[in-house]
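Below: the structure, in structure tokens.
Where a number appears in this text, it was derived from the coordinates with a stated rule and is not lab data. All figures in this text were calculated on a predicted structure; none of them were measured in a lab. Every residue, glycine among them, receives a Cβ derived from its backbone with ideal geometry; neighbour counts consider all protein chains shown.
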Amino acid sequence: MPLENGVPTGPSTARTMLSFSSPFTRLALHVELDHLRREVDGFPPHLWSPDRLSGVAPSSYTMLALVSHRGHESDIMSGPFVATPYLESCPYIRQILASFEAPICEVRLRWLGPRSLGRFHFDRHRLLEDRYRVHVPIYTTPHARFYCGDRNVHMPAGTIWTFDRMRRHAVFNDDLSTARLSRDIAQKIQESLQYPGQIKVTVIRETRAVEYAK
């Protein structure tokens, strides 16, 4: 399969609507989680944009496009799909994409904060009728659940999944512990230190939460 900017390209086969016997399918594939995390951790928070599916506050569900329409920050779901400049700094992610030996559409990194959700929807765009959508959790907590149809699952970090996009689906993260910890640290700083301005407290465990000591 030829590559363009590190992304497999080429014509699709004849369009046939995919069908699924189950809402979720865990794929028997392996990724090096440490490699993935090193690449993703290289992108600071200010590069991430609000995701179109954010169900709470825009900052609670953010994304970073690696492959998109013409390589731009865009929600347009049509080709040509081109690697964004961010993918250039992710050799391991490029390796994973090439391993599928198939045309690649949209590729995004997504971050869902504590007590947040990506709202319920269907993927009814014609572009996706004959394409699989693959999810690879990189950081997660036991509180994160993916809902599809009448089922929901927790996807452990480093596992690879596909699911029936034509069923109603959403993702929820009910984790409170990270948000509470960052708030408690900020409160301790406020009570015990004197300083000008603000101190930003970021807690990164399996999810990320931010508070400010003022």
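Gain in length, PHE20 to ASN152, computed as 0.36 nm per residue apart minus the alpha-carbon separation, to one decimal in nm? Kindly include the intermediate steps, with their values, before the conclusion.
Details: separation 132, 0.36 × 132 = 47.52 nm, distance 1.55 nm.
Here the segment from PHE20 to ASN152 would lengthen by 46.0 nm.
A viscosity of 0.692 mPa s and a temperature of 37 °C, combined with the Kirkwood radius over Cα pairs in Stokes-Einstein, give a translational diffusion coefficient for region 66-173 of 217 µm²/s.
Loop-located GluC sites (Glu not before Pro) in region 57-165 (DSSP state other than H, G, I, E, B) with a sparse environment of at most 13 neighbouring Cβ atoms within 10 Å: GLU73, GLU101. The alpha carbon centroids of region 103-157 and region 59-98 are separated by 16 Å. Spin-label model, GLU88/SER59: points 7 Å from Cα along the beta carbon direction are separated by 3.0 nm.
PRE reach from SER49 (point 7 Å along Cα→Cβ): which of region 97-112 fall under 15 Å by backbone N? Backbone N within reach: 106-111. Taking a ≥ b ≥ c as the square roots of the eigenvalues of the Cα gyration tensor, an a/c ratio of 1.5 or more together with a/b no larger than b/c marks region 14-54 as oblate.
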